[in-house]
Every structure is written in C-alpha cells, then in structure tokens.
Amino acid sequence: MPQETRTFQAEVSRLLDIVAHSLYSQKEIFLRELISNASDACDRLRYLALTRPELIADDPELAVTLTPDKKANTLTVADNGIGMSHDELVENLGTIARSGTASFVQSLSGDAKKDMALIGQFGVGFYSAFMVAKRVDVVSRKAGESAAWRWSSDGKGEFTIEPAEHAGRGTTITLFLNDDEKDFLEDYRIRNVVKTYSDHIALPIRLISDDKTSTINAASALWTRPKGEITPEQYKEFYHDAAHQFDEPWLTIHAKAEGKLEYTSLLFIPSTKPFDLFDVDRKARVKLYVRRVYITDEAPGLVPPYLRFLKGIVDSEDLPLNISREMLQHNPMVARMKSQIVKRVISELAKRAKDEPAEYAKFWDNLGVVLKEGIYEDFENREALVPLVRFHSTAVEGLTSLDDYIARMKPGQKAIYFITGDRLETLQKSPQLEGFRAKGVEAMLLTDPVDEFWLPALGEYQKHEFHSVTRGAPELDQIEAPDQEAHEQKQEAPKTDLASLIALFKLTLGDAVRDVRPSERLTESAVCLVADKEDMDLHMERLLRQHRRTVGDVKRILEINPKHKLIARLADRAGKDGAADALEDFVWLLFDQARLLEGEVLPDPTAFATRMSAALEKGLG
Ligand code: ADP
C-alpha cells in the first residue's frame, strides 16, 4: 500500500494550532500523556491476554521505554502494549476520540492565554506531543497482527500513513524535538518529569541512555503501597492520570477491605464538574482491576449512577481474572463491593458536611445535583443521603439542610414547604411566598429539575410532609404568627366580600381556569396561580413541556387577594349593573399577569397588548 495523506478533523487542527503556538510553561506534561497512553495500551493487552495468552507469549514483560538520541535530536517513547491497526491509527490520532475532549475544544475561546490555562487543567493526550516536537512519527503493530504502520505528521493539518517495519509489538512514538526543547534529551530532566508525573504507573518505565537501561519509576501500583508512604502530590498525579481530570481532588479515599471480601479502593471526588457528568449513559468511570490486572473502566454495577462523579480504581483480590464484562453485572461480589463503597463514600461526605461545611458547600454546588438522584434510585441508602442534601431557602443566606429547616419550623407548622423553578432570583420573588414570608414560615427554594423527582419520592422527612407552596391549600392559619403585631393584623384584615367578584371571574374566564378562589397565601400581589392538590406542580408541567412531553391541558386555580386594594375596588363594582362587560378586560389582564409571573408564555399576546393599551388609555382619563 502506498503512502496516504489524510487531513485532521477540524477540531484536532484547531487544538494542534493552539498547542503548537503555546507558551505554556509546563510543556513537560507531554511526557505524562504519552506514558499514560503507553501504560493504558499495556493494560489493555494484559486483559486480552487473559483469554488469548499467545498474544503476549513472545514478549511477556510489559514496559515503557524512553530513548533520548542527542545526535538525531529525538526522544522515543515505546511500549509493547496492544498497538494500533491502520484504521485505529487514522481514527485515534486524526480525530478526537474522547467525548470530554470534544466538548473541551468547543469550550476554547480563541484567546491563547485562556485556552492554555484550560489545556493545563485538562490535558490533551497524544496531541500535546506537538508542544515540543516539530514532527511526530508513530510506528505501531497491533498485537496478533503482522503488518505495522507508520503515522507521521508535523501537526499542520495533515498526516501521512504508510506500511512500516516494526520488529516488536506495540507502539513507538518518535518526537523530533524543536530546537529549544533539547532539554528533554537530558537524563536528569527525563527522570525528574517521570518522578513528578508518572511515578505511580504500575509498569516499569525504563530509560535507555548511553546503552545503559535503568528503571526510573517505583513501578508498583500506587494503591498497593502503604498510605503513609504516599504523598498528596502522588495521589494527585494518580488522580490526574486515572481520571483524566486535572483539578485538585476534593476528597481522596484510599481503603483496604479485608475479611470476607478483599479489595483495595482508591477513589476521588473531583473539585470541579467533570465534562461528562450529564452524558445520557450516566456511567461512572471507576477502573476495575483484579489482582493488579486492569479489567475495565465500565464495570457495570460497581458504582451507582448517582455517584458517577467518583474517579479512581477498585482492585479486587477475589474476582476471577477471566471475568467478562457481561458477567460483572450480576456478580454478587461486585454487588457487595458496590454496597460497601457507597456506604463509605456517603459516610465520608457526612463527615465533611459536619466538620467543614464551607468545603462541603463547594462540593454541593458542583455535584449535589447528581447526588440527589440517589434519593429516588437507592432506597437502601436513602436515609443516609437525605441529611446530605443542601438547598437555598427563604430563611437563610447560603445553603441549608433539612435538619436545620426542621429546627426552624414555627409552632403549629406541620409541613416542610418548598417552591421549584428555574432561577433562584425569580423564586425569591414569587407571589405565592408572600403569605409564608409574612408569617415567617420558611420555604425551600429548589432550582434543579431533579428536585421534581426526589421530593415526591421521599414524600416526607422526619414525619413532616413536603408541600409545594404553589399547590393545594397553604394551611397557613394553623401556624402561629411570629409576633403579636402580625397576629393583630390578621384579626383586623379587611374582609372584602368576594362572592360576586369570584362569580364574575369564573364567568369571564370559563374553561381557562379550574377554579377562582380567595387567597390565603398572598399579602401584596393581587393574583397568583396555584395547582390543585392532586394536580401536577406548575414548574413540573413547564419542565415536561420543555422536554416535549405531552402533559395534557392542566387547568390552574386563580387565587385573588382579598386584602389588595385593586381587588377590593373590583369587588365593589362586581355587584353593580353591567359589571360583566365593564370588568371583562380587567379580569383577563389579571389572569395574564398571574401567568406572566409564573414565567408562562401567554397564549394570545396580542389580546393582552390590546387590553393593556385600552386600560392605560382609560388610566390617563
Ligand atoms: P486519550 O488517551 O485521552 O483517549 P489520546 O489523544 O491521548 O486520547 O489518544 C487517543 C487514542 O489513541 C487512545 O484512546 C488510544 O486508543 C490510542 N492510543 C494512543 N496512544 C497509544 C499507544 N501508545 N498504544 C495504543 N493506542 C494508543
């Protein structure tokens, strides 16, 4: 086959352009990335060889070899791992494979400085080689195949691919270094970079220099070493490598389980939101090892979807090595490990929430939205999860918990009140909250779509039911007012007779509403919409519509405020002759106002505008 020339996918070209022109100060991370890929390639071959030992028989000791050549100005990173076929070379080194990287490239701003800071946080894998090299050659032979291929590129839009000679198995990457990067040919520099970033790699990393070969990393899996001997930096580098995340771990859990079930887990919670957090597959990418042999990073059933932000590894002593990924799903040992891991993570979170509330709030802001899924998905741990929930409320600045809410409940208050919506600022101004505020009754302000699921699933907490402030009767009269003054106010509240006005509203609005009734929850606004006790909450309905789900035509209840001056004046007029005609526009305007306050789109904005103009004109006299 002759040489072929191919062009990079557009996103890759963009990435390469930024990488090549970068003034990024930590260019040495290219070595971390290449070693990480090499080590993954060896892990994958080791797994395949469990069922096909012939793949590895001729060269069983897996390793990564670094060879600087000062004469040629090249640094070679070689592995005897799984290798790549022709098509895999084209696919893997010509496009962006990882979903995270694709969205990462989309998030690049075009501002070199900002983009480089991002790249430093994110890591760009193989392509980082072009930070230090003017040309990169990759020669690879896939395990079990006889043909080898050479991929070559200067990183400027195109690469070539052609048949090659490769005596061994695996991948050899040769970097033709830029003139000002010769530093990376020096022993001390290479050793230093490997020690800093790759010491935790379980394979030997060898340096061949002056014909001498030495192993320059610890070459034992980090998690097998005693905790006391591992520095925070080593944990961090391991996390970066295992998770493809380049932030600080927010929490590190390194635990060894002994007894009936023996395994080691080294798990991390990130301090930022992982890019793939809301991928539809909701998979956790915790790597499963069996006695140091890498099995998969998608072990089904090892980590529940609501903990999918967990990163790291679990290394089992008990599972059979030849376990297939399909068998993992129903394996009772995996199920037991999962159960223990979940309990451990929850208890660590609880500890942090208690001891370091400010730090916990950071976790909650990033990942709480995912953790809440556990309340309706994991019945077994529900009781432990609920106290971990944090939310905003009308009573306090910042985040608060359900236990704290209950401690603040007013005498006579039975329910825990909440309101859901898209934005905190809008929720805080909701008219439905007015009566609650006036009585000093707190309401949870909830803005995540998942809130519509965990609350109904839970139903109650510590024997207090959850009630939406936009649904059903508020039962505020059973709660004692905060002080005497408010109490008296309540006694004296003018009792407007709304019977005729309500009849008129009903007549005018007809089918557009389910009911019209005087409001107990409004103190300042004239009107608001609420849902009937049995009906779907207003916000839930909007959410479903946004997701193009049919929800039928749910009718709402219009509440009108008897204490409001406008309502009082309308009530005066309602009993008089010709009121139905005279007040029709007012009724519709008030109804539309209530809909607008809910953030709803008016079905007939033109009619609204016409009525509004007419009313304004009248106002001018
Ligand atoms: P990532 O490693 O994050 O997936 P890279 O751009 O670094 O992204 O690599 C893309 C893909 O190329 C890898 O997922 C892997 O399939 C393949 N690859 C890279 N280096 C090697 C290697 N040394 N041996 C085998 N495959 C490799």
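Roughly how tilted is helix 357-371, in degrees to the nearest 10 and between 0 and 90, from the longest Cα axis of the chain?
90 degrees
So for the chain, averaging the separation of alpha carbon pairs under 8 Å that are six or more residues apart and normalising by length, what relative contact order in percent results?
The value is 9 percent.
Can you give me the distance in nm between label points at Glu229 and Lys212, each placed 7 Å from the Cα along the Cα-to-Cβ direction?
2.5 nm
Taking a probe of 1.4 Å, how large is the accessible area per residue of segment 4-220, in Å²?
Computed with neighbouring chains in place, this is 44 Å² per residue.
Could you give the semi-axes, largest first, of the ellipsoid that matches segment 391-486, computed as the square roots of 5 times the alpha carbon gyration tensor eigenvalues and rounded to whole Å?
The three semi-axes for segment 391-486 are 20, 15, 13 Å.
Based on DSSP, what percent of beta bridges with both residues in the chain are antiparallel, to the nearest 5?
Antiparallel bridges: around 75 percent, rounded to the nearest 5.
Using Cα positions and a limit of under 22 Å, work out the lysines in reach of Lys182, with same-chain residues fewer than 8 apart set aside.
Those lysines meeting the cut-off are Lys27, Lys70, Lys71, Lys134, Lys156, Lys195, Lys212.
Over all distinct alpha-carbon pairs, what is the Kirkwood Rh of the chain in angstrom?
29.0 Å
To the nearest 10 degrees, how steeply does helix 605-620 sit against the main Cα axis of the chain, on a 0 to 90 scale?
Around 50 degrees separate the two axes.
Just the number, please: carbon plus sulfur as a percent of the accessible area of the chain, 1.4 Å probe, no ligands or DNA/RNA counted.
50 percent
Just need the relative contact order of segment 364-472 here, percent rounded to a whole number, with Cα pairs under 8 Å and 6+ apart.
Relative contact order for segment 364-472 comes out at 31 percent.
Using every Cα-Cα pair within segment 161-281, state what percent have a distance larger than 26 Å.
Tail fraction, whole percent: 42.
Which ³J(HN,Hα) values in Hz, rounded to whole numbers, follow from the phi angles of segment 386-391 under the Karplus curve 6.51 cos²θ - 1.76 cosθ + 1.60, where θ = phi - 60° and Gly and Pro get x?
4, x, 7, 5, 10, 7
Segment 4-220: percent of C-alpha pairs farther apart than 20 Å?
Of all Cα-Cα distances in segment 4-220, 58 percent exceed 20 Å.
Give the Rg (one decimal place) followed by the Dmax (whole number) of segment 319-381, computed from C-alpha coordinates and expressed in Å.
15.3, 45
If you restrict to DSSP beta bridges whose two residues both lie in segment 493-620, what percentage is antiparallel, to the nearest 5?
Within segment 493-620, antiparallel bridges account for around 45 percent of the total.
For segment 128-135, take each phi angle, set θ = phi - 60°, evaluate the Karplus expression 6.51 cos²θ - 1.76 cosθ + 1.60, and give the result in whole Hz per residue in order, putting x for glycine and proline.
With the stated coefficients, segment 128-135 comes to 5, 4, 6, 6, 10, 10, 8, 8 Hz.
When only DSSP loop residues count, what GluC sites (Glu not before Pro) in segment 146-220 have their Cβ near at most 15 other Cβ atoms within 10 Å?
Sparse-neighbourhood loop GluC sites (Glu not before Pro): Glu165, Glu186.
Using a 1.4 angstrom probe on the protein heavy atoms only, line up Arg548, Arg150 by accessible area, largest first.
Arg548, Arg150
How many nm is it between the label spots at Arg52 and Asp279, if each spot is 7 Å from the Cα in line with the beta carbon?
Placing both labels 7 Å along Cα→Cβ, they lie 2.5 nm apart.
How large is log10 of I(q)/I(0) for segment 241-329 at q = 0.11, 0.13, 0.21, 0.25 Å⁻¹ when the intensity is taken from the Debye formula with one equal scatterer per alpha-carbon?
Debye intensities relative to I(0), on a log10 scale: -0.30, -0.43, -1.05, -1.35.
Please give the helix 232-243 orientation as an angle from the longest Cα principal axis of the chain, in degrees from 0 to 90, rounded to the nearest 10.
80 degrees
Using just the helices of the chain, give the 222 nm mean residue ellipticity in deg cm²/dmol: DSSP H runs with n ≥ 4 each add -39,500 (n - 2.57), and the total is spread over all residues, rounded to 500.
Value at 222 nm, helices only, nearest 500: -11500 deg cm²/dmol.
Per residue, how much accessible area does segment 223-355 show when a 1.4 Å probe rolls over the protein heavy atoms, in square angstrom?
Result: 45 Å² of accessible area for each residue.
Have a look at segment 493-620 and give its Rg and Dmax from the Cα atoms, expressed in angstrom.
15.2, 47
The values are calculated or read from the model by the stated rules, or taken from the named source; none is laboratory data. Owing to the predicted nature of the structure, the values given are computational and were not obtained by experimental measurement. With ideal geometry, Cβ positions are generated from the backbone for all residues, glycine too; neighbour counts draw on all protein chains shown. Surface areas here come from the heavy atoms of the whole protein model, side chains and all, with no ligands, DNA or RNA. Shrake-Rupley method; radii C 1.70, N 1.55, O 1.52, S 1.80 Å.
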